[in-house]
Amino acid sequence: MNNIGIEQILFISTALFFIGVYGLFTRRNMITMLMAVELILNSVNINFVSFNKYLYPERLDGVFFTIFIIAIAAAEAAVAIAIIINIYRNHQSIDVEDSEEMKY
Amino acid sequence: MPDNFFSVMQFELVATVIMFIVLLLRLGKKRITGDSLLLVINGLLTINLLVGFFCNAHGSLFGDMFFSNPLICFQKSILNLGLLIISLQSWPWLKNHHHTAEFYIILLASLIGMFFMISAQNMFMVYLSLELATIPLAALANFDLQLRRSGEAAMKYIISSAFSSGVLLFGISLVYGAIGSLNFEVISIGMSANPLMIFGFVLIFAGFAFKLSAAPFHLWTADVYEGAPVAVTSYLSVISKGAIVFVFITILYRLFQNIFDTWYQILFLIAVLTMVIGNLFAMRQQNLKRFLAFSSIAQVGFILIGIGGNSSEGLTASVYFVLIYIFSNLAAFGVISLVSTLTGKESISDYKGFYKTNPLLAWVLTLALFSLAGIPPTAGFFGKFFLLMAGAAQDNYPLVIIAALNMIVSLYYYLRVVKAMFMEENADPIQKLKTGVSPALALIICVAGLLLTGLIGGAYEYISSIV
């Protein structure tokens, strides 16, 4: 385990970030889109923790940042899911293709 | 607790106290509703605004995470003023609403987030307060629970804002990896043009451009503005945008001063794109709220030109423009919200013959649109003039010429509304509307601000003295 370098971890986190972006742009289900956003936030978490551990082990900025990101992501998901439930009540669907009241 | 705790954090503390008073009013046994509740809240918001004028504290708190000086106090006062005007305008809408108190609690939470964001001296604080400012706004966009488009707007807003903060965060994490600190002071010294930092910078820029609704990232704006209740739309387009502009300036001028050459090129491109796209799309809109959404995108382009000046003039001109923009945009939204609340009509063709039935309101809307277009003697002209002056200091004349051409294009669509109101006949015009006391008061404040901030030069000089 000791010979994993920061490069590998950064590769994972960057890949996760772009998987999240791809998921957000291609998925049509609102819950799945929310999950894609969580992937993006988790890639950031990995980044912060690994930078903190490998490069600046004497300070804890990155780890604290991660904890706050997790907490805020929970708050964001709570509001988003409340909105999705409300949309489901009005539209009987959570497919973004059905939310098309407003277009160009 | 340091001695200056209360004076430095005055705005945040006052807003928090008001939020809790409103919460207690909601929870109290004797339920206050309707006009009396709104009277109490608007009184509190007036106090909030007035108390803000006495603040000129200079100092930092929480280990240099939070900072305040007279300029920051002035920016917060601008936001307070905007909130008061919006609150007065939304009186007729909230009077019969079941959740008036909740509306204000969420609104104030978001305002507190913006206060912290303006004062932040640390990327960590910037992120936390940005989320505190945007998550409540998504809930507010959904405030007309039964309307389909309201929920749709909220969904679009929360997904795009979550995505943009994800992008912003990734940028912050890369900058943290390159420099090892989140403090503005340390980052600004350590900043250099190496690839990792530039990648981080581009992501941070993109995150903020999303929130500003600058051009390639503007797609959410029109839908959210159209679907959300008018009070929330005006809050989003004026106060939220103003706060983001202030913090964006701080970040570009302080954090990334060392890589000015890089960010100037990006800013140039985005400013041109934003103006052109905002103007072109505004031309073909029929719904007035959508129309104002695209016009506000175009205005952001002008603000970006001023920011590109990279000087204290650029900062002064941007703050001055935001002040004027609050007056002009809120005057326009005030009339539209009145018409939309009382009659439900929102499209431009409904406004044909508006002058015949409501001459005063038609004049207010005309003044507001003239100010947005930048026609003297309204304040909008001076705002745009100073922005272009600041932008021209970089000797980038193509940018200034494009901006001037865009101002001419924008005249076309602003005057289209004026033409519909004054010159076109309509068999079924909007009937004579009864303006209540508080919307009228809000419109008077806006019109006075529109005319006075331009004609009396004190505002610009005051801002430039505290920059």
* Among (1) facing another protein chain (nearest Cβ under 8 Å); (2) touching an Asp or Glu at 6+ places or on another chain (Cβ under 7 Å), the one test that A:Ala73 misses -> (1)
* Selection from segment A:36-85 of residues that are touching a Lys or Arg at 6+ places or on another chain (Cβ under 9 Å) and either closer than 20 Å to B:Gly207 by Cβ or among the polar types (S, T, N, Q) (or both) -> A:Ala36, A:Asn52, A:Gly62
* Out of segment A:52-68, which residues are at pLDDT 90 or above and at the interface with chain B (Cβ under 7 Å from one of its Cβ atoms)? -> A:Phe65, A:Phe68
* Subset of segment A:78-94 [in a helix (DSSP H, G or I) and either in contact (Cβ under 8 Å) with a residue 60 or more places away in the chain or touching a helix residue (DSSP H, G or I) at 6+ places or on another chain (Cβ under 6 Å) (or both)] -> A:Val79, A:Ala80, A:Ile83, A:Ile84, A:Asn86, A:Ile87, A:Asn90, A:His91
* Scan segment B:174-195 residue by residue and report those that are at the interface with another protein chain (Cβ under 8 Å from one of its Cβ atoms) and in contact (Cβ under 8 Å) with a residue 24 or more places away in the chain. => B:Leu174, B:Tyr176, B:Leu182
* To do: Could you run through segment B:118-148 and say how many residues are of a type outside the set (D, E, K, R), part of a helix (DSSP H, G or I) and without any contact (Cβ under 8 Å) to a residue 40 or more places away in the chain?
  => 7
* **helices (runs of 4 or more DSSP H) fully within segment B:347-459 counting 2 or more residues that are at pLDDT 85 or above and farther than 17 Å from B:Tyr320 by Cβ** => B:359-373, B:397-422, B:437-455
* Asked: Which residue, of B:Ile158, B:Ile85, is more than 10 Å from chain A (Cβ to nearest Cβ) and not charged (D, E, K, R)?
  -> B:Ile85
* Asked: Filtering segment B:5-15 down to residues that are touching a Leu at 6+ places or on another chain (Cβ under 8 Å) and surrounded by 15 or more Cβ atoms within 10 Å (Cβ to Cβ), which residue is modelled with the highest pLDDT?
  -> B:Ala15
* Taking A:Phe17, is it at pLDDT 90 or above, farther than 30 Å from B:Asn287 by Cβ and out of contact with any Ser or Thr (no Cβ under 7 Å at 6 or more places or on another chain)? -> no
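The values are calculated or read from the model by the stated rules, or taken from the named source; none is laboratory data. Quantities reported herein were computed from a predicted structural model and do not represent experimental measurements. Neighbour counts run over all protein chains shown; Cβ positions are idealised from the backbone, glycine included.
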